[in-house]
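One structure is given here, and the rest of the page talks about it.
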Amino acid sequence: MAGAADGVGSLGSEQAHISVPVADPGAWATAMNNLGIVPMGLTGQQLVSESICIPGFDPSLGMMTGITPINPMMAGISLVPPPPVSAELPVMKEIIHCKSCTLFPQNPNLPPPSTRERPPGCKTVFVGGLPENANEEIIREVFDQCGEITAIRKSKKNFCHIRFTEEFMVDKAIYLSGYRMRIGSSTDKKDSGRLHVDFAQARDDLYEWECKQRLLAREERHRRKIEEERLHPPSPPPIMHFSEHEAGVLADRLKDDNKFTEAIAVLLTWIDRGEVNRRSANHFYSMIQSANSHVRRLMNEKASHEEEMELAKEQFKNALLAILTQFEQIVAVFTAATRQKAWDHFSKAQRKNIEIWRKQCEELRNAHSEEIMGIRREEEMEMSDDDSEENSCKKMRLDDSALAAQAYALKEENDSLRWQLDAYRNEVELLKQEQGKFYRTEEDHTKEQQLHFLQQTVQSMQQQLSDLQEELKSKEYELEQAKDEKRCLEGELLALKEKLLNNMDAVDMNNKDIREKGMNGCTVPVLYHSREKHSETHGRGPLKSEKEALLLGIISTFLHVHPFGANIEYLWSYIQRLDTKISAVEIERLMVRLPHMFKQEFTGVGATLEKRWKFCGFEGIHTV
């Protein structure tokens, strides 16, 4: 192929100085007159404009160049026909000069020569319309420009068959179809003829093409077989037969944790084969014993994995709690933004976006809270299963701190449910507003379904909230009963102490009466000392330290200036400025211990239910 290309290049360089441009009308008319053809409609007509460039055509060579060679090893190869040329710009061919002859292109106004269907693997062309005086040398000279020729079979009837070495050379030969060939400068009819080049069916071409197709099929099957073998899993190695030496090696491998899996498979195969007999029973017993020793290791591994799982659960729970806290903060930001003093400054589009964001955030918050509640329920069920095995007497020893913690937890759940209820109410109101403003018949059914679903959700939340409120009231009632029982026990304890002191005083008086009358002067200090001791026991009261007395004065002053009462969070936020270490639970315990000075009342209805503390010291001083 390279030699053919080089030959074409050299031929083009030799004939470049005698090539006649087709754009010259005079040269075209002279050529037609020499062939005995009168040109029609070509006077003063420019055949090819300078701006038209035929792709793949080299004017200096007078033929198509730059055609990419076709790989004959490619399966199902077929030449792609050239893109259709528009009728307004017909392809113009130039005159080709050879040593012994000259090729003149056909009139561009005539239709292009037709060709038959290309046979597979075609390397042979049919050349018809040759001059009578054209010999094999002249034909080779003309078609050597297309590529290397392997054979020329010339007939006596002015046609021949030419076979090339490659398939792409046939396309170059087809390009010469339609040219008029003239030998030398003679005007004789025997020295001129119109070439017709077409595809030819040859047995050699078909045989070579079928051989290549079979070769490609074999290569494809070989490639697929290699690919299947590569993807096929390797077969397991064969298991050796039982012997004393192999049994000893297998016993050592059974003791190794890394090789235990393979060794136990070999042991199982031996037992299934029936290798166990009286001679080998001791060997198999020792190997089974080694296998049993791995049970403890497996249990330890399971325990370690369970510890890792518990740690991962704890980390997951903490991460969920952190995420839920952030969700609560984001929801608080949206709630603050929807208040009247900030809501009026936003535009309509901004309000719509804020409402959409708030709904999405609340849905995510609710989903995370439900997930955390599910985790807590699972933990409580596990704890209840563990506690059921212990003594049931521990349930009767719940002190006021545990009840207070439960009440605080129920209060938190009550607040969260109340927030969710408010959020659902806001969603229902927004849906009602949107339904009133943008009423569409197609979306009416879907909005009614959403409204019905939200109403059911609100009802369920209200029912759950009422249940929690009742449970909270019952817990508070139990807390009050526990406190009352504690006060009764403290009163009984003080009465017992006073009775014991009176008995001791009576015993002392009897002992002193036995003594002489001169000792009567000593009875007064002893009685005074006992009374002072009794006053110390009774005068201590519910206050335990000076700090509690100071705290009691601050609380009394704060509640005195709030005649309608205040909740424990408001009171704790005020006292925390004075003492950051004090807690709300400690303040509430102190106020519970003094029922004649402080009392708690419930204000509000339903979701607005709130517990407030009031100062009743002026009322309680008359009842004490």
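The values are calculated or read from the model by the stated rules, or taken from the named source; none is laboratory data. The structure presented is a predicted model; accordingly, all values stated were derived computationally and were not measured. Here the Cβ positions follow ideal geometry from the backbone for every residue, glycine too, while neighbour counts run over all protein chains shown. Note: areas computed on protein heavy atoms with side chains; ligands, DNA, RNA excluded. Shrake-Rupley method; radii C 1.70, N 1.55, O 1.52, S 1.80 Å.
Things worth noting here:
- Hey, residue 78 at pLDDT 85 or above and either open to solvent by 60 Å² or more (accessible area, probe 1.4 Å) or not in a loop (DSSP other than H, G, I, E, B) (or both) or not: no
- Subset tally (residues that are open to solvent by 100 Å² or more (accessible area, probe 1.4 Å) and within 40 Å of the chain's Cα centre (by Cα)) for region 209-221: 1
- Output for region 463-505, where each listed residue is among the aliphatic types (A, V, I, L, M), farther than 18 Å from residue 605 by Cβ, open to solvent by less than 50 Å² (accessible area, probe 1.4 Å) and in contact (Cβ under 8 Å) with a residue 40 or more places away in the chain: 479, 482
- Conditions (1) at pLDDT 85 or above; (2) open to solvent by 50 Å² or more (accessible area, probe 1.4 Å); number of the one not met by residue 521: (1)
- Filter result for residue 364 (over 30 Å from residue 433 (Cβ atoms) and either part of a helix (DSSP H, G or I) or open to solvent by less than 60 Å² (accessible area, probe 1.4 Å) (or both)): no
- When residue 579 is tested against (1) acidic (Asp, Glu); (2) assigned to a loop (DSSP other than H, G, I, E, B); (3) under 30 Å from residue 458 (Cα atoms), exactly one condition is not met: (3).
- The residues of region 199-235 that are touching a strand residue (DSSP E or B) at 6+ places or on another chain (Cβ under 7 Å) and not acidic (Asp, Glu), listed by number, are 199, 200, 202.
Matching residues to (1) open to solvent by 40 Å² or more (accessible area, probe 1.4 Å); (2) at negative phi; (3) at pLDDT below 75:
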residue	(1), (2), (3)
372	no, yes, no
385	yes, yes, yes
388	yes, yes, yes
391	yes, yes, yes
399	yes, yes, yes
402	no, yes, yes
405	yes, yes, yes
408	yes, yes, yes
425	yes, yes, no
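- Any hit, region 95-116, residues being under 30 Å from residue 213 (Cα atoms) and either without any contact (Cβ under 8 Å) to a residue 12 or more places away in the chain or not basic (Lys, Arg) (or both): yes
- Some residue of region 163-179 being under 23 Å from residue 207 (Cβ atoms), crowded, with 19+ Cβ neighbours inside 10 Å and of a type in the set (Gly, Ala, Ser): yes
- In region 172-198, the residues that are among the basic types (Lys, Arg), farther than 19 Å from residue 119 by Cβ and touching a strand residue (DSSP E or B) at 6+ places or on another chain (Cβ under 7 Å): 180, 182, 194
- Residue 208 among the acidic types (Asp, Glu), in contact (Cβ under 8 Å) with a residue 60 or more places away in the chain and assigned to a helix (DSSP H, G or I): yes
- Among the residues of region 184-205, those identified as open to solvent by less than 70 Å² (accessible area, probe 1.4 Å) and in a strand (DSSP E or B) are 192, 193, 196, 197, 198, 199.
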